[in-house]
Amino acid sequence: MAVPKNTVWPRDPHTAAKHDLLKKYLQPWAPILLSRNETITYAEGFSGPGIYTEGEPGSPIVAYEAFVAALRHRPKNIRMVLVEGDKRRAAELQEQIARARERHPEEVNRRISVQSFHGECHPTLLDRLRISGALRQPLFVLLDSYGGPDIPFALLQQLAAHRSTEAMVTFAPAFLTRFAQKNDGHREAGNAAFGGSEWQAVFDQRSGDKFTFLRDQYRETLRRAGFTHTLYFEMVDEGGRVLYLIFGTSHEKGLEKMKEAMWSVDSDHGVRYRDPRDVQQQQLALELEPNTEPLRRILLEYISSCPRGRSVAELRHYTLLDTVYKPTQVTALVRQMRDAKDVSTEPHKVTGETRVLPYTPHPEAGPRHDQGALF
Ligand SMILES: C[S@@+](CC[C@H](N)C(=O)[O-])C[C@H]1O[C@@H](n2cnc3c(N)ncnc32)[C@H](O)[C@@H]1O
């Protein structure tokens, strides 16, 4: 999609998927964190106008509605800090927030403070978060630009310096692969976003590998900034442009909840997924019963890499941290792998302590009939 010029523009399918993901993450995020904190903060650096041409809500309104639900039975507080660089869109956003408030009872609205600003994402957002004291409390930051590279590494670093901060960033690789090789200014912008020049090795990659190379470089950038766990979500807009939403957190619980949100995104939005560890890079549809064939390949390799095999608990942890799959998918898969004689389990029954080893036939089993002697 070309960058829109009007205050409000049509919502495309990948934006609908992004909003679905955001809603499904914030719905559990807010109650979990409110159970232990008086105040939590949601922030955006590229807020948009809060509405699309057919009246669909923008991301700040999606978040507002999720927070109303979270606060209904909890006397706690949510702070929203919103920054938008276009004056007309910033004004429209204020109007949309006022309308959202009209839909809900005053006792809930009172507990959601919305501070919205017209300004450059950086440094306005950090300044405002500092002034309000939000950096010392649980904070979710959405940096949803048109794909950049326009989010300074320094901003990511200062956000990640606080362990209770999580961030979701939109990253579109095409601009850099198309224009940065021959343009010093664009390469500089890339360096500022990645916090270094290693990403420029993209120019030596085969054309089919360039996007995934940049995606992995950007995940590494988030890790270097200080987010210990990252997860990405791949979207394709109606012009065929690939966009990644990359999530960074320092909490395994955040990672787990984001995966649950990801796998429950409405599959009608046409979003697909690939596990970076899967050598075959198989495309996965987001569906209730996801295709676990790539996870089977990934786990088989992981099991074979240790002579003592792995416990089911280890496989679950590995699945959470290193794949796109959920730990809850592991037990059923191990059973299937055992029954298909891909692996052996000790003991036979699959629990967290069960060890999973590369398949060895049971010593008492007779010769396999399909291996009869030829001579
Ligand atoms: C992709 S749109 C945001 C959409 C919104 N998050 C949503 O999902 O409804 C990006 C927004 O960032 C704004 N923007 C672009 N550059 C900016 C900057 N440097 N600082 C702040 N806002 C900026 C644009 O005006 C636009 O409204």
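Laid out as a table, the results:
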read-out	value
0 to 90° range, to nearest 10: angle between helix 330-339 axis and the chain longest Cα axis	20
Crossing angle, helix 184-194 versus the chain [Cα axis fit, 0-90 degrees, rounded to tens]	70
Whether segment 293-358 is rounded, prolate or oblate, judged on the alpha carbon gyration tensor where a/c under 1.5 counts as rounded	rounded
Spatially close lysines, pair count over the chain: Cα under 26 Å, gap of eight or more or interchain	28
Considering only the chain, percent of DSSP beta bridges that pair antiparallel, nearest 5	50
The chain, accessible surface, carbon-and-sulfur percent (1.4 angstrom probe)	50
Listed residue (SER344, VAL108, HIS122) projecting farthest to the positive dipole end of the chain, Cβ model	VAL108
About the Cα centre, charge dipole magnitude for segment 25-143 (Lys/Arg +1, Asp/Glu -1 at Cβ), debye	540
Under 5 Å, built H, 5+ apart or other chain: amide partners of SER344	LEU357, TYR359, THR360
Cα-based helix-to-principal-axis angle, 293-304 vs the chain, degrees rounded to 10	60
Packing-based ranking, highest mean first, of 323-330, 79-86, 297-304 given that Cβ atoms within 10 Å are counted	79-86, 323-330, 297-304
Gap separating the Cα centres of segment 18-74 and segment 152-191, nearest whole Å	24
Fully extended contour minus Cα-Cα distance, from HIS186 to VAL236, at 0.36 nm per residue	15.7 nm
Average Cα contact separation per residue, segment 13-273, under 8 Å, 6 or more apart, as relative contact order %	21
Signed unit charges on C-beta, dipole axis of the chain, positive-most listed residue VAL8, PRO60, HIS186	PRO60
Counted charge near ASP150, where neighbours are those whose Cβ lies closer than 13 Å (Asp, Glu -1; Lys, Arg +1)	-3
Segment 133-200: trypsin sites (Lys or Arg not before Pro) in DSSP coil with no more than 11 other Cβ atoms inside 10 Å	LYS182
Residues of the chain: accessible area per residue with a 1.4 Å probe, Å²	47
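The values are calculated or read from the model by the stated rules, or taken from the named source; none is laboratory data. These numbers come from a predicted model, not from an experiment. All Cβ positions, glycine included, derive from the backbone under ideal geometry; neighbour counts span all protein chains shown. These accessible areas exclude ligands, DNA and RNA; they are computed on the full protein's heavy atoms, side chains included. Shrake-Rupley method; radii C 1.70, N 1.55, O 1.52, S 1.80 Å.
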